[in-house]
Amino acid sequence: MGRNQEQNQLQREAQRTKILSSALRLFVGRGFAATRIVDIAAQAGVSSGLLYHYFRSKDDLLVALLAESLPKMDAAARGLEAMKAPVADKIRLALRTLMRGIQENAETGKHHLLVALVSASEALPDAARQIIERHARGPYRVMERLFAKGQVEGAVRDGDPRDMAMLFWALVKGLSIHRAVHGDALGAPDSDFILPLFLK
């Protein structure tokens, strides 16, 4: 690929990222139904025509946002489970990595909030619903299995592993959404403060 082609490709990717970021901000702030393509284009600083060059519809934008975040989280959870390490180390790594992501990337919380908002919608596009159904529960199941195995290893506190997985993700997603709504003003607890809820 020549230099000009590479530059054009980078510019296209940057433009696409800017459009997706603008869509995410508006879908979370105004709601999916209330957001128009023209609003997203204005927020991104592009024409509606250019936006349509990248995405055919508002539904396509939503699907792209979900496809960008949920499969990655699902794959990361499966990768964590496959690691050769004691369960306690996996849980520490998962929580520290997730909390660092919350602190360093403001859009993480917006993605969690978007998934929560659109999952409750009856007017969710089929392609978006399929992504949620295929990937949203995977990380919960991974943590449930890890907590169960950690109890056998004697590293995880007693309790229903399914309930523990629900609590784990409720904390992570809740803190992530909290940061998306309130910014850095209130901060977030350190992962070492949360770990004793799960580890002995």
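Coordinate-derived values only; no laboratory data. These numbers were taken from a predicted model, which means no experiment stands behind them. Methodologically, a virtual Cβ is constructed for each residue, glycine included, from the backbone with ideal geometry; neighbour enumeration extends over all protein chains shown.
Taking the range 150-173 and a reference point 7 angstrom along Cα→Cβ of Asn105, the backbone N atoms nearer than 17 Å belong to 172-173. The packing ranking of peptides 135-146, 174-185, 24-35, highest mean first, is 135-146, 24-35, 174-185, where packing means the average number of other beta carbon atoms within 10 angstrom of each residue.
With N as its number of residues, the chain has a Cα radius of gyration that, divided by 2.2 N^0.38 Å, comes to 1.16. Helical content of the chain, expressed as a calculated mean residue ellipticity at 222 nm, amounts to -25000 deg cm²/dmol (DSSP H runs of 4 or more residues, -39,500 (n - 2.57) each, divided by residue number, nearest 500).
A viscosity of 1.567 mPa s and a temperature of 4 °C, combined with the Kirkwood radius over Cα pairs in Stokes-Einstein, give a translational diffusion coefficient for the range 155-194 of 113 µm²/s. Quick note on the range 16-112: its Rg to Rh ratio, both from C-alpha atoms and Rh being the Kirkwood radius, is 1.11. Which one, Leu98, Ser57, His182, is farthest towards the positive end of the dipole of the chain when Lys and Arg carry +1 and Asp and Glu -1 on their Cβ? Toward the positive end, the furthest listed residue is Ser57. Look at the alpha carbon pairs under 8 Å that are at least 6 residues apart: their mean separation over the length of the chain gives a relative contact order of 24 percent. Summing charges over neighbours of Val46, with a neighbour being any other residue whose Cβ is under 13 Å away from its Cβ, gives +2 when K and R count +1 and D and E count -1.
Taking amide H as placed 1.01 Å from N in the peptide plane, the amide H of Val156 sits under 5 Å from that of Gln151, Lys200, each at least 5 places away or on another chain.
Largest mean-square fluctuation among Ser119, Ser47, Ser21, in a Gaussian network model of the chain whose springs join Cα atoms under 10 Å apart, belongs to Ser47. Taking only alpha carbon atoms, the range 74-158 gives an Rg to Rh ratio of 1.04, where Rh is the Kirkwood radius.
Each part gets one Cα centre, and for the range 153-200 versus the range 109-150 those centres are 17 Å apart.
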